[in-house]
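**Q** One structure coming up, written as structure tokens, with questions to follow.
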Number of protein chains: 2
Amino acid sequence: MVFKKVSRVKIPDATIRRLSLYDRCLEELKKSGNKIVSSSDIARKCGTNPAQIRKDFAYFGEFGVRGVGYYVENLQVDIKMALGIDRPWLCALVGAGNLGFALLGTDSLEKRGFKISAIFEKDPILVEMGSFQDIPLFSMEMMSQVISDLDIHIGLIAVNPDTALKVAHNLIDSGIKGILNFTPATLKVPPGIVLKNVDFAIDLEGIAFQLSNQ
Amino acid sequence: MVFKKVSRVKIPDATIRRLSLYDRCLEELKKSGNKIVSSSDIARKCGTNPAQIRKDFAYFGEFGVRGVGYYVENLQVDIKMALGIDRPWLCALVGAGNLGFALLGTDSLEKRGFKISAIFEKDPILVEMGSFQDIPLFSMEMMSQVISDLDIHIGLIAVNPDTALKVAHNLIDSGIKGILNFTPATLKVPPGIVLKNVDFAIDLEGIAFQLSNQ
């Protein structure tokens, strides 16, 4: 019984986002001592409905045991495999400003398997530090070589918005395949490169909507 | 022709998120000189499909002109009204650490109508500064009075995860109705309070999924 992508149709981004949420809810259910759960249990924990959960899971084939439910640990392994986070991903952080240091100050990325393995910064005074929290800190000029040497696949852009596009191009030229853009700059990337933009205002707009419709 | 919530069914969070994205795409289409657009134009810009857009809009009733399309400016006004961002929202930032300063250093929240009107911080040395970028900076003890005086509705929690739950309770006791939690702490809030959690790892998991399935 393997939880793998079986559907030929494009899996909606929202389904992928929900898989991440289900995994987090399962973690909490596991901590509360649950070994087997129903889709209703997961739905209640995640604030969604059981039909949605079954529909999301259906993209990945058969799983769960009829009349029994889901074994929490197995389901988590399967979801992590489906998401591609059953293995660690090495990341490069570009920009050691307030946001960069905030990202380095939390273990929430590493807990989910995303390890910041190199920091790139343009300020020579910071670069002279050589490392921060045991993570090597390099000048921008070293990007291509370091990313290749360390086999880094994902770049986190936390620089001044004015330089974000140039940094994105440099990352891509260095072999980076996935980019998480923390700046408000609009980036364009060539086909084959996965780009996601962090936009805090979207969450705030969701809050504004709910507060306006209560 | 008013773009308002007509559906009695619960509007999915994903639809609300997409409305925010459509508004951003419309802004770019407007900047490129477009005055009238089709759902296909919006879909192409946003990386979705026209059917999804029409389905999302359908929650809010009739709009657009048959055979003509959507007037960009009108549609933006309608979407902003639907989201509840046709008026500004005052926010309180709790925590003037790296993340707090990163949030203060960008205008991307204010551009979308979310204005940080007060900062609360426990470190007395920072509090002594009195303000940061013309935003008043207060001790935690002042929270209740300031939030009431300034009529602030949304709280941004950017403190140490250990104290996030206490801060959330203090915000709610002070009259805050919406909370954006930037910490990895799991918060529980009473009914009627809108809570959203910023989780950068979810975006990274979306990248990992796409890179694993290319």
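**Q** What is the residue count in the range A:100-112 for residues that are part of a loop (DSSP other than H, G, I, E, B) and more than 7 Å from chain B (Cβ to nearest Cβ)?
**A** Result for the range A:100-112: 1.
**Q** If you don't mind, there's one more thing I want to ask. Can you pull out the residues in the range B:83-95 that are open to solvent by 10 Å² or more (accessible area, probe 1.4 Å) and either touching a residue at least 40 places away in the same chain (Cβ under 8 Å) or closer than 23 Å to residue A:97 by Cβ (or both)?
**A** Result: B:90, single match.
**Q** Which residues, counting only those in the range B:156-182, are touching a Lys or Arg at 6+ places or on another chain (Cβ under 9 Å) and over 17 Å from residue B:98 (Cα atoms)?
**A** Within the range B:156-182, B:165, B:168, B:178, B:179 meet the criteria.
**Q** If you don't mind, there's one more thing I want to ask. Can you confirm whether residue B:207 is β-branched (Val, Ile, Thr) and not assigned by TED's automatic domain parsing to the domain that holds residue B:141?
**A** Yes, satisfied.
**Q** For the range B:61-76, state whether one or more residues are surrounded by 18 or more Cβ atoms within 10 Å (Cβ to Cβ), of a type in the set (Phe, Trp, Tyr) and modelled with pLDDT of 90 or more.
**A** For the range B:61-76, residues surrounded by 18 or more Cβ atoms within 10 Å (Cβ to Cβ), of a type in the set (Phe, Trp, Tyr) and modelled with pLDDT of 90 or more: present.
**Q** Checking residue B:92 against (1) in contact with a strand residue (DSSP E or B) (Cβ under 7 Å, 6 or more places away or on another chain); (2) part of a helix (DSSP H, G or I), which single condition isn't satisfied?
**A** Every condition holds for residue B:92 apart from (2).
**Q** Residue B:180: touching a Cys at 6+ places or on another chain (Cβ under 7 Å), within 12 Å of chain A (Cβ to nearest Cβ) and surrounded by 22 or more Cβ atoms within 10 Å (Cβ to Cβ), yes or no?
**A** Spelling it out, it is not the case that residue B:180 is touching a Cys at 6+ places or on another chain (Cβ under 7 Å), within 12 Å of chain A (Cβ to nearest Cβ) and surrounded by 22 or more Cβ atoms within 10 Å (Cβ to Cβ).
**Q** Is it true that some residue in the range B:80-99 is of a type in the set (Val, Ile, Thr), within 11 Å of chain A (Cβ to nearest Cβ) and at negative phi?
**A** yes
**Q** I want to confirm something. Restricting to the range B:24-39 and keeping residues that are within 21 Å of residue B:14 (Cα to Cα) and open to solvent by less than 50 Å² (accessible area, probe 1.4 Å), which single residue is farthest from the chain's Cα centre (by Cα)?
**A** B:39
**Q** Here's another thing I want to ask about it. Could you tell me whether residue B:105 is of a type outside the set (Val, Ile, Thr) and not assigned by TED's automatic domain parsing to the domain that holds residue B:138?
**A** no
**Q** List every residue pair whose Cβ atoms lie under 6 Å apart, where the two residues are 6 or more positions apart in sequence or sit on different chains, the first residue falls within the range B:172-197 and is at positive phi, and the second residue, located anywhere, is among the hydrophobic types (A, V, I, L, M, F, W, C).
**A** B:175/B:147
**Q** When you look at residue A:188, is it open to solvent by 10 Å² or more (accessible area, probe 1.4 Å), modelled with pLDDT under 95, farther than 24 Å from residue B:182 by Cβ and of a type outside the set (Ser, Thr, Tyr), yes or no?
**A** yes
**Q** Can you go through B:150, B:211, B:171, B:195 and tell me which one is out of contact with any Asp or Glu (no Cβ under 8 Å at 6 or more places or on another chain), among the aliphatic types (A, V, I, L, M), more than 9 Å from chain A (Cβ to nearest Cβ) and open to solvent by 20 Å² or more (accessible area, probe 1.4 Å)?
**A** After applying the criteria, what remains is B:150.
**Q** Could you tell me whether residue B:111 is surrounded by fewer than 19 Cβ atoms within 10 Å (Cβ to Cβ) and farther than 30 Å from residue A:97 by Cβ?
**A** no
**Q** Suppose we filter the range B:76-89 for residues that are within 13 Å of the chain's Cα centre (by Cα) and assigned to a helix (DSSP H, G or I); how many remain?
**A** 2
**Q** Please enumerate the residues belonging to the range A:40-53 that are surrounded by 15 or more Cβ atoms within 10 Å (Cβ to Cβ) and either without any contact (Cβ under 8 Å) to a residue 12 or more places away in the chain or among the aliphatic types (A, V, I, L, M) (or both).
**A** Within the range A:40-53, A:42, A:43, A:44, A:53 meet the criteria.
**Q** Select from the range B:40-57 the residues that are at the interface with another protein chain (Cβ under 10 Å from one of its Cβ atoms) and at negative phi and write down the one among them that is farthest from the chain's Cα centre (by Cα).
**A** Ranking the candidates gives B:49 first.
**Q** Looking at the range B:114-134, which of its residues are small (Gly, Ala, Ser) and buried (at least 16 other Cβ atoms within 10 Å of the Cβ)?
**A** Result: B:117, B:118.
**Q** Residues being within 9 Å of another protein chain (Cβ to nearest Cβ) and on the phi > 0 side of the Ramachandran plot: count how many of those fall in the range B:12-39.
**A** 0
The values are calculated or read from the model by the stated rules, or taken from the named source; none is laboratory data. For clarity, every value in this text was computed on a predicted model and none was experimentally measured. Cβ coordinates were reconstructed from backbone atoms using ideal geometry, including for glycine residues, and neighbour counts include every protein chain displayed. Calculation scope for accessible area: heavy atoms of the full protein, side chains included, ligands and nucleic acids excluded. Shrake-Rupley method; radii C 1.70, N 1.55, O 1.52, S 1.80 Å.
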